[in-house]
Amino acid sequence: MNFENRLDQNRYGHAFLLAIVCYISFFLFNDEFFVNIMEARNFVTAREMIEKGNWLVPTMNGELRLAKPPFPTWITAIFGSLFGMENLAMLRFPAGIMGTLMVFFMYRFSLKLSGNKLKALNNSIVLITSFYVLYMSRTGTWDIYCHSFMLGAIWLLHSAFNNHNSKGLWIKFSFAGVLLGLSFLSKGPVAFFALLLPFLIAYFTIYKPKKLRQNVKPVVLCLIIFAIISFWWPVYISIAHAQEAAAVAKLESGSWINRHVRPFYYYWNFPIQSGIWTVAIFSSLLVPYALKNFKAKKEYKFALIWTLSSVILLSFIPEKKDRYLLPVLIPSAMLAGQLFHHFYLVFKNHTHKKMDRILFGMNIWILILAAFAAPAGVFIIFLKAKLISLPAFVLFTILSELICISLIICWHNKNVRAMLLNAVGLMLVVIIFIIPSTDDLLNQNPNFKSIAALRNQPEINKYNYYRIGKHDFRIELVYEIGKEVKEWKIQSQNSLPETQPFVVLSSEHPNDLFTSQQKAKFKLEVLDYFDNNKQRPGKRRNKEHFKKYVSLITPISAVGKTEIVEGNSENIYENETGK
């Protein structure tokens, strides 16, 4: 048996390979991207758990945060308490763990379903390198938690349905209940609707499991464990904060209907969300070709029905976002894996047909062209802008072209295994060389000045913060500032919120916001001006609510008792209005 055949059936080798790929894909340079709005909500809530002890009743910027279950935020808070809330790499670390778990759950489930280690490896490789799996595993949001736990539960449920050992049956259903509960505690019923229900539709349609009567008692135990883990927190909140919980439930149910409404067919481009496997997934959706030629027809039908059921169910919900397609990428990876395993068998046994050669050529030549053209793109976008060093560019070019040559050899020799490994290699080369250079690329604003600098100014940071003005105060700014920013409604609240000095933040110059009557009550000093926009001025996404004046207000009663932070409001005002 040669090396390649030994590797095909070596699960320990597969585990080592997947672990290395997961580390580079999910953890390496995971602090390079800016914190997005979903992460900011999670991180601010986690920070207030640590600072205020709001573990059971989460708050976000001082207000109740009941819209999402708290489990991912608890994990984030634990990592934040250990490594600091400014350590972005460690705040995102749990998401990487969940992405890694998803990959290994996929391997175990695929292995149980097919009994073929090579199929399991193929499916897992496609899953790791699918765009939204990669992205969600590098950002500290909720989605990767609920779907990862759900895939683990699906693996255990499938294994239990096919287990005739009574002892093992109870254990598997029990752990499935735990994972189902953790999925619900991560993002409510989302994964149940988008991942579990489509799986059950596909599984019972294709495999028609028998002898279900022996599973009744273990299933009841599974449901009891699930209910205990899932519902204790919502029940507690509904009792402790009944009015607020009812309002949140009404708002969330309404948002599914009224916000981000898209046409029914919006999700039918779902293969594109996989990135480099777009052509492979489209190819696997050629149903007549697949049913005529694929050897494992049951597995193909199962993956197909699972995928299409998930897309159809999601399409019925008016609210649609691209990231909601993450659960669809799981069965889609299995579809692509079926295609690649079919190529592997027919080329190995020399039974391939013309259509096999055409589809294999389409899939591999997309990768060949990507590897060949990547250095040109990096030269134009990164090197000319001096975002990447010349030695790094040269090494990237060499590796990309070597992969390009290797892929051409794979095409000539019809080597499917090597093609997949080269595709992974290309993805890892991009992560290693390009992601560290994307920070400056994504920030196109020449006037960018991060408000996070306030964290390192103790003479300002010692005061309480308030937001004023008509523009929204984005949660991303609350995270960057590092502390709660309370609201002061200056139009309806004439009295000062404090008798001691405090800081106000506003998009408008504060002199334009206060009446003369209000100004008579305090001394105003503009300390600084920040622009957290990443887009250059004039662009659609350059928003006023990311621009903030930071000013110190000292009540007249406190003047002379408190040392005023030095600043020059007139100079700053002239600089901003004179642009």
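The values are calculated or read from the model by the stated rules, or taken from the named source; none is laboratory data. Note that the structure is predicted; figures quoted are calculated from it, not measured. Note that each Cβ is placed from the backbone with ideal geometry, even for glycine, and that neighbours are counted across all protein chains shown. What goes into the accessible areas is simple: the full protein's heavy atoms, side chains included, and nothing from ligands, DNA or RNA. Shrake-Rupley method; radii C 1.70, N 1.55, O 1.52, S 1.80 Å.
A prolate overall shape is assigned to the stretch 63-142, the ratio a/c of its alpha-carbon gyration tensor axes (a ≥ b ≥ c) being 1.5 or greater and a/b exceeding b/c. Across the chain, Cα pairs under 8 Å and at least six residues apart give a relative contact order of 13 percent. Computed in the context of the full set of protein chains, the accessible area of the chain at 1.4 Å probe radius has 62% of its extent on carbon or sulfur.
Rounded to the nearest 10 degrees, the angle from helix 216-240 to the longest Cα principal axis of the chain is 10 degrees. Positive-end ranking of His241, Ala423, Leu251 along the dipole of the chain, with charges on Cβ about the Cα centre, is headed by Ala423. Using only side-chain charges placed at the Cβ, +1 for Lys and Arg and -1 for Asp and Glu, the dipole size of the chain relative to its Cα centre rounds to 2900 debye. For the chain, the longest principal axis of the C-alpha atoms and the axis of helix 242-258 are separated by about 60°.
About the centre of its Cα atoms, the stretch 53-155 shows a dipole size close to 440 debye [charges on the beta carbon of Lys, Arg (+1) and Asp, Glu (-1) only; nearest 20 debye].
Modelled this way, with points 7 Å down the Cα-to-C-beta line, the labels at Lys523 and His350 are 9.3 nm from one another.
In the stretch 333-459, Cα pairs under 8 Å separated by at least six residues give a relative contact order of 27 percent. For the stretch 297-441, rounded, prolate or oblate, judged on the Cα gyration tensor with a ≥ b ≥ c (square roots of eigenvalues), a/c < 1.5 rounded, else prolate if a/b > b/c? Oblate, because a/c is 1.5 or more while a/b does not exceed b/c.
Taking a straight line from the alpha carbon of Lys521, these lysines sit under 19 Å away, with near neighbours fewer than eight places off in the same chain left out: Lys489, Lys561. The packing ranking, built from the mean of other Cβ atoms within 10 Å per residue, places the peptides 389-402, 80-93 in the order 80-93, 389-402, highest first. Potential lengthening of the chain between Arg262 and Ser389 amounts to 41.5 nm, from the contour at 0.36 nm per residue minus the alpha-carbon distance. Stretching Ser450 away from Ala19 to a fully extended chain increases their span by 151.6 nm, per 0.36 nm per residue minus the current alpha-carbon distance. Gly361 sits among other residues whose Cβ lies under 14 Å from its own Cβ, and their net charge, with Lys and Arg +1 and Asp and Glu -1, is +3. Once a ≥ b ≥ c are taken as the square roots of the eigenvalues of the Cα gyration tensor of the stretch 1-136, is the result rounded (a/c under 1.5), prolate (a/b larger than b/c) or oblate (a/b not larger than b/c)? Prolate. Each peptide in 129-137, 508-516 gets a packing score, the mean of other Cβ atoms within 10 Å over its residues, and the list from highest to lowest is 129-137, 508-516. Over the chain, accessible surface divided per residue gives 45 Å², non-protein components excluded, 1.4 Å probe. Residues of the stretch 217-246 with an amide N closer than 19 Å to a point placed 7 Å from the Cα of Lys112 along the Cα-to-Cβ direction: 217-227.
Sparsely packed loop sites in the stretch 469-527 (the trypsin sites (Lys or Arg not before Pro) outside DSSP H, G, I, E and B with at most 15 other Cβ atoms within 10 Å) comprise Lys470, Lys489, Lys521.
For the chain, the longest principal axis of the C-alpha atoms and the axis of helix 329-348 are separated by about 30°. Each residue of the stretch 171-179 is assigned a 3J(HN,Hα), and the resulting list reads 5, 5, 5, 5, 5, 4, x, 4, 5 Hz, derived from the Karplus form 6.51 cos²θ - 1.76 cosθ + 1.60 (θ = phi - 60°), x at Gly and Pro. Taking packing as the residue-averaged number of other Cβ atoms within 10 angstrom, the listed peptides 222-230, 363-371 run from highest to lowest as 363-371, 222-230. Restricting attention to the chain, close to 70% of DSSP beta bridges with both partner residues there are antiparallel. Across the stretch 498-551, the mean sequence separation of Cα contacts (distance under 8 Å, 6 or more residues apart), normalised by length, yields a relative contact order of 51 percent. For the chain, a Kirkwood radius taken over Cα pairs fed into Stokes-Einstein (10 °C, viscosity 1.306 mPa s) yields D = 60 µm²/s.
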